[in-house]
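To start, the structure under review is shown below, and the notes come after it.
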């Protein structure tokens, strides 16, 4: 692994301005991604995952705006209006492929457009490359499928076509924003296998965004757990799964169906993710946390190291200055 990260996000803040309030959708998020690795960003709906993804590609639209922080790609700060210089170097796969594909153009037309813009290919050369890309993502009978419209493909094949369109840009970083959520379990497993193969063969870096800890287990090397706009734990995936340090990480793991004995009720996390309208002055998870104590309602926790492997958690349970919590 290279010492310098391919992507470095530091203290990212994204705020949405409404008539009545400012919503801090992403509040001080930091993480790195190196070439050839898959990094997860996991949390419930409303925790800021997709806004983080859109920020990386400069796709946050009004009334949202990036208020602070840096997004560095190959050392260059994208927030200095440098996104256009790296269109194609960073590609994204969204959750619902039917919303990513234009229904009035063939799949081949849409892949060829990306090839024309990013690779300069046209005509038969672009068509041949589009067929190759469809074959690379496992679509059978690609010479026929290239002339079909999105509605003629199954949901799994549509998602493979969207991945092919992203690969047409020859990216170094692929941002996958819940790419398996709309698919059944069998197709989901196939897409995860496909992404693992592409990472290995193309030396891709992948940011994998999901609410599903089971997918994180299968797909990622390292993981960032995000809650209410803040990353609350950073760890290698196997370490997080074996010994979650933050109570929120533990709660997400306990809610995986396969981890609960058949005769026991599946645990749930009571309450909902809050909508942050002010910078954090306390632990945002405290109202839902079974281990919260008085200081959790008065102190915004900072990240502290919790083991010798570099894992960190933003939780007073691991801060030696606060000893009231029951670990």
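The values are calculated or read from the model by the stated rules, or taken from the named source; none is laboratory data. None of these values were measured; they are calculated from a predicted model. Quick reminder, even Gly has a Cβ in these numbers, built from the backbone with ideal geometry, and neighbours come from all protein chains shown.
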From 290, 274, 257, residue being within 24 Å of the chain's Cα centre (by Cα) and farther than 24 Å from residue 217 by Cα
274
Among the listed residues 23, 33, identify the single one that is more than 30 Å from residue 201 (Cα to Cα) and out of contact with any helix residue (DSSP H, G or I) (no Cβ under 8 Å at 6 or more places or on another chain).
23
Residues (crowded, with 19+ Cβ neighbours inside 10 Å and over 19 Å from residue 273 (Cα atoms)) located in segment 11-33
12, 31, 33
Please go through segment 6-46 and pick out each residue that is assigned to a loop (DSSP other than H, G, I, E, B) and either within 15 Å of residue 223 (Cα to Cα) or modelled with pLDDT under 95 (or both).
18, 19, 20, 21, 34, 35, 36, 37, 43, 44, 45, 46
When residue 91 is run through (1) closer than 30 Å to residue 147 by Cα; (2) free of Cβ contacts under 8 Å to residues at least 60 places away in the same chain, the failure sits at (2)
For segment 77-194, give me every one of the helices (runs of 4 or more DSSP H) that falls completely inside it and has 1 or more residues that are touching a strand residue (DSSP E or B) at 6+ places or on another chain (Cβ under 7 Å) and surrounded by fewer than 20 Cβ atoms within 10 Å (Cβ to Cβ).
none
